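Written below as structure tokens is the structure these notes are about.
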Amino acid sequence: MPHSKIQTSTRKIMQPNYQPASIEQQAQRHWEDRQAFRAAEQSDKPKYYCLSMFPYPSGKLHMGHVRNYTIGDVLSRYHRMKGFNVMQPMGWDAFGLPAENAALANNVPPAAWTYANIDYMRKQLKSLGLGIDWSREVTTCTPEYYRWEQWLFTRLFKKGIIYKKTASVNWDPIDQTVLANEQVIDGCGWRSGAPVEKRDIPMYFFRITQYADELLQGLDTLPGWPEQVKTMQANWIGKSHGCDIHFPYDMETVGSGGMLKVYTTRPDTLMGATYVAVAAEHPLAARAAAISEKSELRDFIAECKHGGTAEADMATMEKKGINTGMFVGHPVTGEKLPVWIANYVLMSYGEGAVMAVPAHDERDYEFAAKYDLPVKHVIASTELLDKWKKLEAQFGADGHELDREDLDLMGMIAYLGKVLMDMPAPSEALINLVQEFAGQLQLESPYTGQGTLVCSGKYGGMEFQEAFDAISADLQARGLGRKSGKFRLRDWGISRQRYWGCPIPIIHCFTCGDVPVPDEQLPVKLPENVVPDGAGSPLAKMQDFYMTPCPQCGKAAKRETDTMDTFVESSWYYARYASPDCTTGMVDERAKHWLPVDQYIGGIEHAILHLLYARFFHKLMRDEGLVQGDEPFKNLLTQGMVVAPTFYREDAHDRKQWFNPSEVDVKTDERGRPVGATLKADGLPVFIGSTEKMAKSKNNGVDPQAIIDEFGADTARLFMMFAAPPEQSLEWSDAGVEGAFRFLKRVWKAAHDHVEQGIVTAYRSGEPENVWPGTRLSAAAKALRLQLHQTIAKVDDDLGRRKTFNTAIAANMELLNALAKFDEQTPIARTVAQEVLEAIALMLNPIVPHLSHALWAELRPGSDVLDQPFPNADPSALAQDEIEIVIQVNGKLRGNLTVAKTADKATLEQLALAHPAVEKQLAGAVPKNIVVVPGRLVNIVV
RNA sequence: GCCCGGGUGGUGAAAUUGGUAGACACAACGGACUUAAAAUCCGUCGGCUUGAAAAGGCCGUACCGGUUCAAUUCCGGUCCCGGGCACCA
């Protein structure tokens, strides 16, 4: 709207000091009165669904939450200003293990503990001033939510997407209970201290592998996801191309006919296989143990039962094995290869058996070295082949011809040595070459790269792909194998022998088998007034819960007492927010309006599991006709971890007790490094552990409440956003909180000083000049407007495209510093000052919305900042005639030049050569080359 | 062990497409104001070095090497730190 005259007014006095407590209270009440963040489907604006990963209600917020939710709120508010119809919901990932741990420790039912935590944390979240539509709040432990999860389960069970099989879990033999990986510490149960064993139990599985290809290919349709996350997911799914190879049993030692199946991605190394290895759970291992007279095999298999199921433990375990005494035949040569049982072979991947090629595989090499198994080199690198050629040439020059036919690479050294001995006078060059070659062969580690096949019979001389094709074709022709592909991804086991989770809706009937609970009997409600005792699942002891008639035949049957993995709840909550009150289905039509999520924000620690499961669930729901589209999250921002040091003491049983950083005094050396820590309570030392993500289990979360109480939510938000860009991990420190507070005070004061003189209409190109004929902007005012509009353009880009909120804040700080130096008091200068202050209030609005609300009310009485769009940069203010360019000599900075923006290459070159600093550097020499980058620099190369 | 990130002043960081290394802050130090303190404002602030000063020079982005007129940025290798590894969420 053009304004015809410049208005000046004075009004009630603005509060001289920045008082966050009252400002924030007022702003939050105002938003609530206006229902400002209620999201409605009816809108002529484009929708923007901004979702932050919902918290687990662990008790209190920690800094990681503040970071996550502030980022989400900044993006929400920014998009609102950019004209979007924004929906930002919040809820609670409320089932989970910590509630059971709290129950054990405090004798409180998990439900009561959880609901109390939710109430407290909701209050904390509200005090941060987040623009959330609280009418959509979702809590996963309520029957209204999980009944639909049970409903979907029964559908998928009937479809065969969910099935039952046995799988290994960590078993605590003392507490007689299944342990989570986190509860296994150094191979022992966290409470009993007893060595953990693997135990096979029946579990329900989601057939996620059926969607493996789609989950992999879908990654290519997600340009708004970080490359890093897509790479991690692709590697996790782990599609590989390889070959199934069958090794025929040796009748004599195995005692029957048959084939040992292995899968390998390196069939080109088949000729280097010197043994095969099977997992301890492999049928052939059991058979060997059964027919063996000695107990060693049985003992070894039993030993492999010790320890937990975590992959990291398996992979770092010392490699151990035992010879079964059985043999299989090599599918090409027929040579007898020994069958070993090895603890590094995983039953869960491939066939549970591998062909071992020590010369070209790290783990096989280590194993072969330990048990003195033969190593056969069959792949030669390019460098090795080059050396061999040189050798041949040198031997030729010295008058000998080398016989390279079928030469075993390890045998070569002996052979070459012998030839050398036989020569009357070998040249020094030859001796050196042989030594070099020998050194290359006796590598400490195997050569695992691709190369040319050697010592491989008819395959000798072939490259990787050629050999791959030839060998698999030959095997197929003889019925001993064929090309094949595999995924590393395994089906998703969701049964948990725990209380505080969503009951699995299955009834076991002796007659009918596993019967899914019929729709009309859903939900299967979890009894809430229960305190687990740590020994097995409470549900399995509650007859009232598990005794039930079979829905099919009506006979007495038993309800399943396992609950679901909590990842199941978090796999579809994003869809439920669209229709949180729907009582007729998981979601309704509104899901089609809001999905996909436009921006998802959460910790990088969820890069694989949660995000993969949620993508999988979206496809399941799509196939049920519940949602549209193939992917749930269009754009993803993975926030870096907020990490903090951990502190602990060990009790008599080496169990650790963790202390919060707030309970500890840390001593540092003169360089600021921690050298020791003591507990405030008793002054005695505690150990300093590693620095890790803030988590309940290590008690290193830092509560933001103290900062909010002392400085206000805006300072907490500003500080968190200013500390680092969102994707970067951040070691927690509150140094700098006061700096953030100081900045807000400076903004307030600048506005106050201006308002005290009377507010005016903000400068708009050309207008004040028309109103006050003869007035013009001073050079300083023009420069300030240039900086203002450069800042607007930058902040817009930082908040929108780059999502680097720290630099957006820094640019505003620079602008405020520039405004503070601008002391012109002419009427036209005051319109520029007004323009700058209004722009700062708007640019900072997404980050410090309470302050922005209050400032706007002072700068533009009667109008609401919620209705303001994000400012636009004024092109006329950005126009510049002159720019600064850099002069380098040999790439080093030697001076600057201010030149016309239009200066061409020749002019720039001339001006640079005439620069005194350049003349001094050149000292009469003639430049070899001059590189001119217009608008940037001139580099003179001497 | 495997997969994915990160490493820049005393500290958090900036440098957006290979083009001025250290913006903006914190801390520290010096000064102004004050009876004093707090608050606020002004100034200094990577290392070494030449110079009385003005003003220069060299080195410097974990480490080693490479590509380039030019590397924090690209490539190869090493070390350290963080995340994930399927039952923490």
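The values are calculated or read from the model by the stated rules, or taken from the named source; none is laboratory data. Because the structure is predicted, anything quoted here is derived from the model rather than measured. Neighbour counts are summed over all protein chains in view; Cβ atoms, including those assigned to glycine, are modelled from backbone coordinates with ideal geometry.
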Original post:
Which members of the stretch A:801-821 meet the condition of being small (Gly, Ala, Ser) and either touching a Cys at 6+ places or on another chain (Cβ under 8 Å) or farther than 16 Å from A:Gln834 by Cβ (or both)?
Top reply: A:Ala808, A:Ala810, A:Ala811
Original post:
Can we say A:Tyr115 is assigned to a helix (DSSP H, G or I) and within 30 Å of A:Leu522 (Cα to Cα)?
Top reply: yes
Original post:
Any idea which of (1) touching a strand residue (DSSP E or B) at 6+ places or on another chain (Cβ under 8 Å); (2) assigned to a loop (DSSP other than H, G, I, E, B); (3) loosely packed, with under 15 Cβ neighbours inside 10 Å is the one A:Pro223 doesn't satisfy?
Top reply: (1)
Subject >> the stretch A:500-524, subset in a loop (DSSP other than H, G, I, E, B) and within 16 Å of RNA strand B (Cβ to nearest atom), residue farthest from A:Leu104 (Cα to Cα) >> reply: A:Ile504
Original post:
Would a scan of the stretch A:867-880 turn up a residue that is without any contact (Cβ under 8 Å) to a residue 24 or more places away in the chain, within 16 Å of RNA strand B (Cβ to nearest atom) and surrounded by fewer than 22 Cβ atoms within 10 Å (Cβ to Cβ)?
Top reply: no
Original post:
How do the helices (runs of 4 or more DSSP H) wholly within the stretch A:812-899 filter down when requiring 1 or more residues that are closer than 16 Å to A:Ala781 by Cα and in contact with a His (Cβ under 6 Å, 6 or more places away or on another chain): which remain?
Top reply: A:827-843, A:875-878
Subject >> Residues satisfying the stated conditions in the stretch A:673-697, i.e. among the charged types (D, E, K, R), more than 16 Å from RNA strand B (Cβ to nearest atom) and in contact with a helix residue (DSSP H, G or I) (Cβ under 7 Å, 6 or more places away or on another chain) >> reply: A:Lys680
**OP:** Run A:Gln150 past the list (1) surrounded by fewer than 22 Cβ atoms within 10 Å (Cβ to Cβ); (2) more than 16 Å from RNA strand B (Cβ to nearest atom); (3) of a type outside the set (Lys, Arg); (4) under 26 Å from A:Thr583 (Cβ atoms) and report the number of the one that doesn't hold.
**Re:** (1)
**OP:** Could you list all residues from the stretch A:161-189 that are under 20 Å from A:Gly493 (Cβ atoms) and of a type in the set (A, V, I, L, M)?
**Re:** A:Ile161, A:Ile162, A:Ala167, A:Val169, A:Val178, A:Leu179, A:Ala180, A:Val184
**OP:** Identify, by number, the condition in (1) over 18 Å from A:Ala473 (Cα atoms); (2) out of contact with any Lys or Arg (no Cβ under 6 Å at 6 or more places or on another chain); (3) within 16 Å of RNA strand B (Cβ to nearest atom) that A:Thr265 doesn't meet.
**Re:** (1)
Subject >> Residue satisfying condition, being more than 16 Å from RNA strand B (Cβ to nearest atom) and either more than 38 Å from the chain's Cα centre (by Cα) or surrounded by fewer than 17 Cβ atoms within 10 Å (Cβ to Cβ) (or both), within set A:Ser863, A:Ser852 >> reply: A:Ser863
**OP:** Would you mind stating whether A:Gly602 is small (Gly, Ala, Ser) and modelled with pLDDT under 95?
**Re:** no
**OP:** Could you please find all residues in the stretch A:794-810 being more than 7 Å from RNA strand B (Cβ to nearest atom) and buried (at least 18 other Cβ atoms within 10 Å of the Cβ)?
**Re:** A:Val795, A:Asp796, A:Leu799, A:Lys803, A:Phe805, A:Ala808
**OP:** Filter the stretch A:167-215 for residues that are among the hydroxyl-bearing types (Ser, Thr, Tyr), modelled with pLDDT under 95 and in a strand (DSSP E or B) and give the result.
**Re:** A:Ser168, A:Thr177
Original post:
Does A:Phe300 meet the test of being part of a helix (DSSP H, G or I), in contact with a strand residue (DSSP E or B) (Cβ under 6 Å, 6 or more places away or on another chain), closer than 21 Å to A:Glu351 by Cβ and away from RNA strand B (no atom under 16 Å from the Cβ)?
Top reply: yes
Subject >> Residues of the stretch A:869-891 classified as within 40 Å of the chain's Cα centre (by Cα) and modelled with pLDDT under 90, total >> reply: 1
Original post:
Does A:Met347 count as closer than 21 Å to A:Cys243 by Cβ and of a type in the set (A, V, I, L, M, F, W, C)?
Top reply: yes
Original post:
Of all residues in the stretch A:486-499 being part of a loop (DSSP other than H, G, I, E, B) and more than 8 Å from RNA strand B (Cβ to nearest atom), which is nearest to the chain's Cα centre (by Cα)?
Top reply: A:Phe487
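Can you tell me how many residues in the stretch A:187-222 are touching a residue at least 12 places away in the same chain (Cβ under 8 Å) and farther than 30 Å from A:Asp630 by Cα? Write out each step before concluding.
Here is the first cut: in the stretch A:187-222, the ones touching a residue at least 12 places away in the same chain (Cβ under 8 Å) are A:187, A:189-216, A:218-219, A:221-222.
Those left that are additionally farther than 30 Å from A:Asp630 by Cα: A:187, A:189-202.
So the count comes out to 15.
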**OP:** Can you give me the number of residues within the stretch A:231-254 that are away from RNA strand B (no atom under 12 Å from the Cβ), in a helix (DSSP H, G or I) and in contact with a helix residue (DSSP H, G or I) (Cβ under 8 Å, 6 or more places away or on another chain)?
**Re:** 1
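A quick yes/no check of all residues on (1) at negative phi; (2) under 42 Å from the mean Cα position of the chain (by Cα); (3) of a type in the set (Asp, Glu); (4) part of a helix (DSSP H, G or I):
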| site | (1), (2), (3), (4) |
| --- | --- |
| A:Ala762 | yes, no, no, no |
| A:Gly774 | no, no, no, no |
| A:Leu786 | yes, yes, no, yes |
| A:Ile792 | yes, yes, no, yes |
| A:Arg801 | yes, yes, no, yes |
Subject >> Failed item in (1) surrounded by fewer than 17 Cβ atoms within 10 Å (Cβ to Cβ); (2) touching a His at 6+ places or on another chain (Cβ under 8 Å), with A:Pro551 passing the rest >> reply: (2)
**OP:** Return yes or no: is A:Gly536 touching a residue at least 40 places away in the same chain (Cβ under 8 Å) and of a type outside the set (Lys, Arg)?
**Re:** yes
Original post:
What residue, among those in the stretch A:349-374 that are charged (D, E, K, R) and within 16 Å of RNA strand B (Cβ to nearest atom), is surrounded by the most Cβ atoms within 10 Å (Cβ to Cβ)?
Top reply: A:Asp364
**OP:** Could you list all residues from the stretch A:227-238 that are of a type outside the set (A, V, I, L, M), under 19 Å from A:Ser484 (Cα atoms) and crowded, with 16+ Cβ neighbours inside 10 Å?
**Re:** A:Trp236
**OP:** Kindly indicate the residue of the stretch A:220-230 that is farther than 16 Å from A:Val597 by Cα and not basic (Lys, Arg) and also nearest to RNA strand B (Cβ to nearest atom) among those meeting that condition.
**Re:** A:Gln228
**OP:** Could you pull out the residue among A:Ala841, A:Ala833 that is surrounded by 22 or more Cβ atoms within 10 Å (Cβ to Cβ), modelled with pLDDT of 95 or more and within 21 Å of A:Pro869 (Cβ to Cβ)?
**Re:** A:Ala841
Original post:
For the stretch A:698-721, does any single residue satisfy the condition of being within 10 Å of RNA strand B (Cβ to nearest atom), surrounded by fewer than 19 Cβ atoms within 10 Å (Cβ to Cβ) and modelled with pLDDT of 85 or more?
Top reply: no
